[in-house]
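For reference, the structure is listed below as structure tokens.
The values are calculated or read from the model by the stated rules, or taken from the named source; none is laboratory data. Everything quoted here is computed from the prediction, not taken from an experiment. Cβ: placed from backbone, ideal geometry, glycine included. Neighbour counts: every protein chain shown. What goes into the accessible areas is simple: the full protein's heavy atoms, side chains included, and nothing from ligands, DNA or RNA. Shrake-Rupley method; radii C 1.70, N 1.55, O 1.52, S 1.80 Å.
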Amino acid sequence: MKSETLEAVLKVRAEKRAAVLLTNMLSGDERLIEAADLASLQATDADLAEQIASALRSDKSRTLETDDGPVFLNVFNPALRMIIVGAVHIAQPLARMADLAGYAVTVVDPRRSFASVERFPGVSLSSEWPDDALADFGLDARTAVVTLTHDPKLDDPALEVALKSDAFYIGSLGSNRTHASRLERLSESGFDDQTMARIHGPVGLNIGAKSPAEIAVSILGQVTEALRKAS
Amino acid sequence: MSEQQTDLAAWPDDVLETAASWKNDGREVAIATVVHTWGSSPRPVGSQLIVDGAGAMVGSVSGGCIEGAVVKEAMEVIAGAPARVLDFGVSNDQAWEVGLACGGKVQVYVERLD
């Protein structure tokens with residue numbers, strides 16, 4: 001790999017753009033193609049453009065057999081993100097675990113005594129109101145949203161933004177009863193059953209988790225399942 | 001917006017960032033990439049391992065079973081040998097073959113960072 005190619009890959013990643021790197025494993029020829037360039041590639045090489053689009057969609061790198069030899073198509077999708085609404089106790093282990101699993105984590109909570117640097121060292125914090133914060137983030141298909149406050153004033157606005165986005169995972173902490181009344185409120189706001197079914201509630205896999213760290217494991221497990229078993 | 005930003009560059013396992021920083025420090029670097037897998041294999045296609053001229057490594061291309069052999073090949077590539085594709089698996093009987101405990105097969109592309 002040429003150093004210039006590596007620098008270009010790192011730049012694309014830093015700017016959160018999707019791209020693939022094609023490397024001919026016989027000649028060493030390299031070509032970095034951004035998702036934004038696919039439309040123009042479509043005109044000259046429709047077959048390749050489709051292969052790249054498919055690899056980006058499934059987030060799977062692969063080797064292509066071509067007339068010029070095997071070409072490795074390496075997918076560079078934007079980083080996974082997790083937005084945690086509610087800087088509560090469970091958010092502390094969840095933020096650390098999600099970071100380890102490769103997510104860029106942001107914790108949103110307008111209550112500054114909760115979202116403090118002392119409680120969340122090294123974590124990106126936002127003290128904006130959740131709907132404003134989430135709208136600013138531009139939730140995409142590489143983003144998971146988890147609400148943990150139990151407080152309709154904070155959780156509901158976040159869920160309303162998340163349900164209108166492509167977020168691959170939406171989860172909301174609360175008992176079955178809390179979740180039922182949550183769905184009632186969202187229904188009154190105009191969301192249909194099919195849309196609301198995207199919310200995982202009560203949040204997390206049913207593994208009998210008790211402590212905040214165990215509940216974080218159950219949530220991250222469910223997020224992983226949504227990410228990896230969806231397609 | 002009121003946001004306290006963290007240092008994303010602090011990700012401990014960002015292999016390509018590390019490759020660039022090693023290169024900037026004047027170290028020779030080879031990059032090994034899983035380009036194909038068959039059956040069960042511990043690391044998915046796209047997984048990368050980087051190696052320097054002294055054999056230091058970051059990242060992984062398996063659960064640890066083939067890294068030793070990949071490092072050896074990588075050091076040859078650093079020393080000037082051409083980039084190469086390595087096959088590892090149960091049915092492979094070449095001299096550098098290292099069995100995968102899981103029974104899968106994996107193909108690894110090793111290239112120098114120029």
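At-a-glance table
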quantity: Selection from segment B:45-69 of residues that are part of a loop (DSSP other than H, G, I, E, B) and within 16 Å of B:Ala19 (Cβ to Cβ); calculated: B:Gly46, B:Ser47, B:Gly53, B:Ala54, B:Gly55, B:Ala56, B:Ser60, B:Val61
quantity: Pairs with Cβ under 7 Å, 6+ apart, first in segment A:54-76 and under 25 Å from A:Asp166 (Cα atoms) and surrounded by 13 or more Cβ atoms within 10 Å (Cβ to Cβ), second among the acidic types (Asp, Glu) and modelled with pLDDT under 95; calculated: A:Val75/A:Asp59
quantity: Segment B:70-82, residues that are assigned to a helix (DSSP H, G or I) and open to solvent by less than 30 Å² (accessible area, probe 1.4 Å); calculated: B:Val70, B:Val71, B:Glu73, B:Ala74, B:Val77, B:Ile78
quantity: Among residues of segment B:30-44, those that are more than 9 Å from chain A (Cβ to nearest Cβ), over 11 Å from the mean Cα position of the chain (by Cα) and either outside any loop (DSSP other than H, G, I, E, B) or among the aliphatic types (A, V, I, L, M) (or both), counted; calculated: 2
quantity: Residue within segment A:213-231 that is part of a loop (DSSP other than H, G, I, E, B) and open to solvent by less than 30 Å² (accessible area, probe 1.4 Å) present; calculated: no
quantity: Every pair of residues 6+ apart whose Cβ atoms lie under 8 Å, when the first sits in segment A:103-114 and is at the interface with another protein chain (Cβ under 10 Å from one of its Cβ atoms) and touching a residue at least 24 places away in the same chain (Cβ under 8 Å) while the second is open to solvent by 20 Å² or more (accessible area, probe 1.4 Å) and part of a strand (DSSP E or B); calculated: A:Ala104/A:Arg81; A:Val105/A:Arg81; A:Thr106/A:Arg81; A:Thr106/B:Glu3
quantity: Answer from A:Leu139, A:Leu125, A:Leu183 - the residue that is outside any loop (DSSP other than H, G, I, E, B) and either over 24 Å from A:Ala104 (Cβ atoms) or touching a residue at least 40 places away in the same chain (Cβ under 8 Å) (or both); calculated: A:Leu183
quantity: Pairs where the first residue, in segment A:145-164, is polar (S, T, N, Q) and the second is at pLDDT 95 or above and in a helix (DSSP H, G or I), C-beta under 6 Å, 6+ apart; calculated: A:Thr147/A:Asp155; A:Thr147/A:Ala158; A:Thr149/A:Asp155
quantity: Residue check, A:Arg96 away from chain B (no Cβ under 11 Å) and of a type in the set (Lys, Arg); calculated: yes
quantity: Residue in segment A:187-194 that is of a type outside the set (A, V, I, L, M, F, W, C), at positive phi and modelled with pLDDT of 95 or more present; calculated: yes
quantity: Subset of segment A:203-212 (residues that are open to solvent by less than 60 Å² (accessible area, probe 1.4 Å) and farther than 14 Å from A:Leu148 by Cβ); calculated: A:Gly208, A:Ser211
quantity: Those residues of segment A:121-151 which are more than 14 Å from chain B (Cβ to nearest Cβ), aliphatic (A, V, I, L, M) and buried (at least 20 other Cβ atoms within 10 Å of the Cβ), in sequence order; calculated: A:Leu139, A:Ala144, A:Val145, A:Val146, A:Leu148
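Here's the yes/no breakdown for (1) under 23 Å from A:Lys2 (Cβ atoms); (2) at the interface with another protein chain (Cβ under 10 Å from one of its Cβ atoms):
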site: A:Leu26; (1), (2): yes, yes
site: A:Ala49; (1), (2): no, no
site: A:Ser54; (1), (2): no, no
site: A:Asp59; (1), (2): no, yes
site: A:Arg62; (1), (2): yes, yes
site: A:Thr66; (1), (2): yes, no
site: A:Leu73; (1), (2): yes, yes
site: A:Asn77; (1), (2): yes, no
